[in-house]
Amino acid sequence: MSTPVTAPASLLRIGPHTVQPPVVLAPMAGITNAPFRTLCREFSGGKGLFVSEMITTRALVERNEKTMQLIHFDATEKPRSIQLYGVDPATVGKAVRMIAEEDRADHIDLNFGCPVPKVTRKGGGSALPYKRHLLRAILREAVSGAGDIPVTMKMRKGIDDDHITYLDAGRIAVEEGVTAIALHGRTAAQHYGGTADWDAIARLKEHVPEIPVLGNGDIWSAEDALRMVRETGCDGVVVGRGCLGRPWLFADLVAAFEGRTEAIARPSLREVADIMVRHATLLGEWIGDEPRGVIDFRKHVAWYLKGFAVGSEMRKRLAITSSLAELRSGLDELDLDQAWPLGADGPRGRTSGNNRVVLPEGWLKDPYDCAGVSEDAELDTSGG
């Protein structure tokens, strides 16, 4: 590892919670469920903040069975962190009050960053901050309903290069009592393509000095995280795709921010295989059904094996396993003595860019008019 730097001079505080090192697991639909959070927390030694996958406010208010499972936290998870998605201020307010009154979380994050069409076509996620009055109404309802629970928000730069919203959204957030802001340095149109604009993170930090700003985008290693802090002045980092198939990245992040110089994690394929089996096991225990847990794990296989010498046929075989025994047996056929391969780090997950953002009809005509946005626009399911 290159020469480390110390953590930011001031501690990252989110309401009453101190997050040190200032490292946050980004909410990712279908990924950051309780088992994955457990793995990441174990590698971090319990340090950092680990956020749930996206919970839709409508599904929460309606007590949808899957949603209620997704907001269940292990007793060791402190603080309990939930990310909410919603487009209707009243529904968002109901969901936040439910969380507060039933003591279901210690921190609430609001999603204004998701770029996927099923979200933006409803005016949600990264489409929503364009409607300034709607954004303000949602934040006001959430902060009011949360009581002593801190409310943060995660957003993107804007819809596209012609409709940039992050500075206006940041100022509105400060005015409405939001505790911290995370900015992904891409527009919705970019999805995950191209290079994240870290300069935008620096501009937002200068624009809203009253509250912490966290940077997100293109953090593939601990050194990337340190460099983001150095270059932008942000108060902390949010790590998403960089930890896909790499939950041990959180051990590297903690060591780097604490200024420790030990070598970063470079697990052998044998160690990676053991982590894969543990991940699949945790999923089965969480779901309550081993085959379903292994099936849910399938999407992680390619991320874990990236860079290792594993033939295409074996990769396909491992990606269709349906039992722990089958998964373990397939992994044991590999050359498990392989050392960490060169080129195994770097981008993972979706990388498409320059997408047309699907929006409600007439969405861009007026950045303030909120006509047509109602509880009917709320999604009825949570997670991936």
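The values are calculated or read from the model by the stated rules, or taken from the named source; none is laboratory data. Small disclaimer: the values here were computed from a predicted structure and weren't measured. Cβ coordinates were reconstructed from backbone atoms using ideal geometry, including for glycine residues, and neighbour counts include every protein chain displayed. Surface areas here come from the heavy atoms of the whole protein model, side chains and all, with no ligands, DNA or RNA. Shrake-Rupley method; radii C 1.70, N 1.55, O 1.52, S 1.80 Å.
Looking at V272, is it under 10 Å from L324 (Cα atoms) and either in a helix (DSSP H, G or I) or at pLDDT below 95 (or both)? Can you show your working first?
Numbers: under 10 Å from L324 (Cα atoms): no; either in a helix (DSSP H, G or I) or at pLDDT below 95 (or both): yes.
Here the answer is no, as V272 does not meet what is asked.
Check F297, F308 and return the single one that is part of a loop (DSSP other than H, G, I, E, B), crowded, with 18+ Cβ neighbours inside 10 Å and free of Cβ contacts under 8 Å to residues at least 40 places away in the same chain.
F308
Annotation: P21 fulfils all but one of (1) assigned to a loop (DSSP other than H, G, I, E, B); (2) open to solvent by 10 Å² or more (accessible area, probe 1.4 Å); the unmet one is (2). For W303, state whether it is within 22 Å of the chain's Cα centre (by Cα) and surrounded by 14 or more Cβ atoms within 10 Å (Cβ to Cβ). So W303 passes the test.
Kindly evaluate V277 against the criterion of being within 20 Å of L318 (Cα to Cα) and open to solvent by 10 Å² or more (accessible area, probe 1.4 Å). Yes; evaluated as a whole, the condition is true for this residue. Contact map, region 202-215: first residue closer than 10 Å to G233 by Cα and of a type in the set (V, I, T), second residue open to solvent by less than 30 Å² (accessible area, probe 1.4 Å) and in a loop (DSSP other than H, G, I, E, B), Cβ cut-off under 8 Å, separation 6 or more or different chains; pairs are V213/C234; V213/D235.
Scanning region 113-120 for any residue that is part of a strand (DSSP E or B) and either open to solvent by less than 10 Å² (accessible area, probe 1.4 Å) or assigned by the TED database to the domain that holds L214 (or both) turns up nothing.
Residue check: is S81 in contact with a His (Cβ under 8 Å, 6 or more places away or on another chain) and open to solvent by less than 10 Å² (accessible area, probe 1.4 Å)? Answer is yes for this residue.
Residue-wise test of (1) surrounded by fewer than 22 Cβ atoms within 10 Å (Cβ to Cβ); (2) on the phi > 0 side of the Ramachandran plot; (3) in contact with a helix residue (DSSP H, G or I) (Cβ under 8 Å, 6 or more places away or on another chain); (4) not in a strand (DSSP E or B).
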site: A173; (1), (2), (3), (4): no, no, yes, yes
site: I181; (1), (2), (3), (4): no, no, yes, no
site: L204; (1), (2), (3), (4): no, no, yes, yes
site: I211; (1), (2), (3), (4): yes, no, yes, yes
site: W220; (1), (2), (3), (4): yes, no, yes, yes
site: E223; (1), (2), (3), (4): yes, no, yes, yes
site: C234; (1), (2), (3), (4): no, no, yes, yes
site: P247; (1), (2), (3), (4): no, no, yes, yes
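Taking the condition of being within 19 Å of the chain's Cα centre (by Cα) and within 23 Å of P150 (Cα to Cα), how many residues in region 209-228 meet it? Adding up the residues that qualify gives 5. When R104, R136, R63 are screened for being open to solvent by 10 Å² or more (accessible area, probe 1.4 Å) and part of a helix (DSSP H, G or I), only R136 passes. Is one or more of the residues making up region 33-40 modelled with pLDDT of 95 or more and of a type in the set (S, T, Y)? Yes, there is a match, as at least one residue in region 33-40 is modelled with pLDDT of 95 or more and of a type in the set (S, T, Y). Just to be sure before I move on: is V143 crowded, with 21+ Cβ neighbours inside 10 Å and assigned to a loop (DSSP other than H, G, I, E, B) in the structure I sent? No: the conditions fail for V143.
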